[in-house]
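Below: one structure, written as structure tokens.
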Amino acid sequence: MSDGGAGAEIDGEIGAADPFALLATWLPANDDPARPLMTLGTRSSSGYPDARSVLLSEYDERGFYFHTDSRSRKVEDVTGDPRASLTLVWPGRQLVVQGDVSRADGDEELWAYRHRSRYLQLLAWLNTPEFAAVPLAERQARWAEFDAAHPSLDPPPTWAGYLVRPVRLTFWEGRPDTASRRTEFTREESGAWERSVRAG
Ligand SMILES: Cc1cc2nc3c(=O)[nH]c(=O)nc-3n(C[C@H](O)[C@H](O)[C@H](O)COP(=O)(O)O)c2cc1C
């Protein structure tokens with residue numbers, strides 16, 4: 001992914017007009033089981049920002065997908081205010097996205113569930129407030145019991161996918177031999193991307 005800052009930087013042709021071409025050089029393929037971690041920023045109903053880590057399930061030409069429990073606080077937040085941010089960090093690189101959140105379609109949600117590890121498939125079923133309140137030994141016993149009873153799982157009704165459609169993408173590059181720099185893409189009314197360079 002990143003070379004830690006010693007190699008080529010975003011310049012010239014690459015990514016000149018289309019940030020998604022550039023994304024393909026920064027993000028792993030969607031079928032790579034090592035999923036990148038993102039900090040999802042939302043605005044809560046109190047007006048305070050909130051943030052938490054989520055996996056990037058996949059991305060396409062529309063934007064970035066994450067998956068979660070439909071009863072979660074983050075879902076309440078994006079239902080109240082669908083504007084969100086995503087931050088991904090690697091050695092020598094950072095990607096910050098601002099975008100509009102909408103529910104993913106059913107096929108995408110199913111695809112993402114099928115591509116989750118067995119542990120995360122189980123977690124989607126058992127990660128409830130009621131389960132969290134039970135003592136550890138009982139949580140372990142109930143987890144093992146549920147696991148043994150369900151060799152193959154479909155997504156629970158609370159499994160929910162969300163698409164973050166970017167309005168701004170900021171690619172930060174750090175280098176040991178000169179100042180860091182950002183390359184920013186802002187979506188215009190026409191849908192075209194305006195590209196600019198900013199200090200790091
Ligand atoms: C490494 C890591 C990955 C996580 N991935 C997800 C995820 O993909 N989806 C999710 O809903 N929560 C994920 N979580 C848990 C969230 O960070 C968070 O605790 C949970 O979703 C509840 O957030 P909320 O109350 O703001 O909705 C992850 C946590 C960690 C530490």
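The values are calculated or read from the model by the stated rules, or taken from the named source; none is laboratory data. No experiment lies behind these values; they were computed from the predicted model shown. With ideal geometry, Cβ positions are generated from the backbone for all residues, glycine too; neighbour counts draw on all protein chains shown. Quick note on the areas: whole protein, heavy atoms, side chains included, nothing else; ligands and nucleic acids left out. Shrake-Rupley method; radii C 1.70, N 1.55, O 1.52, S 1.80 Å.
Can you go through H115, H150 and tell me which one is farther than 30 Å from S46 by Cβ, within 16 Å of the ligand (Cβ to nearest atom) and surrounded by 12 or more Cβ atoms within 10 Å (Cβ to Cβ)?
Details: H150 fails: within 16 Å of the ligand (Cβ to nearest atom).
Checking each option against the conditions leaves just H115.
Tell me, yes or no, whether the stretch 104-112 has at least one residue that is free of Cβ contacts under 8 Å to residues at least 60 places away in the same chain and near the ligand (Cβ under 10 Å from one of its atoms). First the steps, then the outcome.
First pass over the stretch 104-112, keeping only residues free of Cβ contacts under 8 Å to residues at least 60 places away in the same chain: 104-112.
Going one step further and asking which of them are near the ligand (Cβ under 10 Å from one of its atoms), we end up with 112.
Looking through the stretch 104-112, at least one residue is free of Cβ contacts under 8 Å to residues at least 60 places away in the same chain and near the ligand (Cβ under 10 Å from one of its atoms).
Pick out the one residue from T25, T39 that is at pLDDT below 95 and loosely packed, with under 15 Cβ neighbours inside 10 Å.
Values: T39 fails: at pLDDT below 95.
Going through T25, T39 in turn, the sole match is T25.
From the list P91, P135, P157, which one is within 30 Å of E9 (Cβ to Cβ) and exposed (fewer than 14 other Cβ atoms within 10 Å of the Cβ)? I'd like the intermediate steps shown before the answer.
Values: P135 fails: within 30 Å of E9 (Cβ to Cβ); P157 fails: within 30 Å of E9 (Cβ to Cβ).
Just a single option satisfies the conditions, and that option is P91.
Select, from S45, S53, the only residue that is open to solvent by 60 Å² or more (accessible area, probe 1.4 Å), at negative phi and assigned to a loop (DSSP other than H, G, I, E, B). Please lay out each step first, then the result.
Values: S53 fails: assigned to a loop (DSSP other than H, G, I, E, B).
Sole residue among the options that is open to solvent by 60 Å² or more (accessible area, probe 1.4 Å), at negative phi and assigned to a loop (DSSP other than H, G, I, E, B): S45.
Pairs only if they're at least six apart or on different chains, beta carbon under 9 angstrom, first in the stretch 13-29 and under 18 Å from R187 (Cβ atoms) and assigned to a loop (DSSP other than H, G, I, E, B), second modelled with pLDDT under 90 and not β-branched (V, I, T); list them, first residue then second.
G15/A21
Counting only residues that are among the basic types (K, R) and over 15 Å from the mean Cα position of the chain (by Cα), which one in the stretch 38-83 is nearest to the ligand (Cβ to nearest atom)?
So the first thing to find is which residues in the stretch 38-83 are among the basic types (K, R), and the list is 43, 52, 62, 71, 73-74, 83.
From what is left, the residues that are over 15 Å from the mean Cα position of the chain (by Cα) are 43, 71, 73.
Numbers: R43: 12, R71: 9, R73: 3 Å.
Checking each candidate, the answer is R73.
Please indicate, with yes or no, whether at least one residue in the stretch 71-82 is open to solvent by less than 30 Å² (accessible area, probe 1.4 Å), over 25 Å from P33 (Cα atoms) and of a type in the set (D, E).
Among the residues of the stretch 71-82, at least one is open to solvent by less than 30 Å² (accessible area, probe 1.4 Å), over 25 Å from P33 (Cα atoms) and of a type in the set (D, E), which makes the answer yes.
If F66 meets every condition in (1) open to solvent by less than 20 Å² (accessible area, probe 1.4 Å); (2) part of a helix (DSSP H, G or I) apart from one, which number is that one?
The number of the failed condition is (2).
Does R35 fit the bill of being of a type in the set (K, R), away from the ligand (no atom under 13 Å from the Cβ) and touching a Ser or Thr at 6+ places or on another chain (Cβ under 9 Å)?
no
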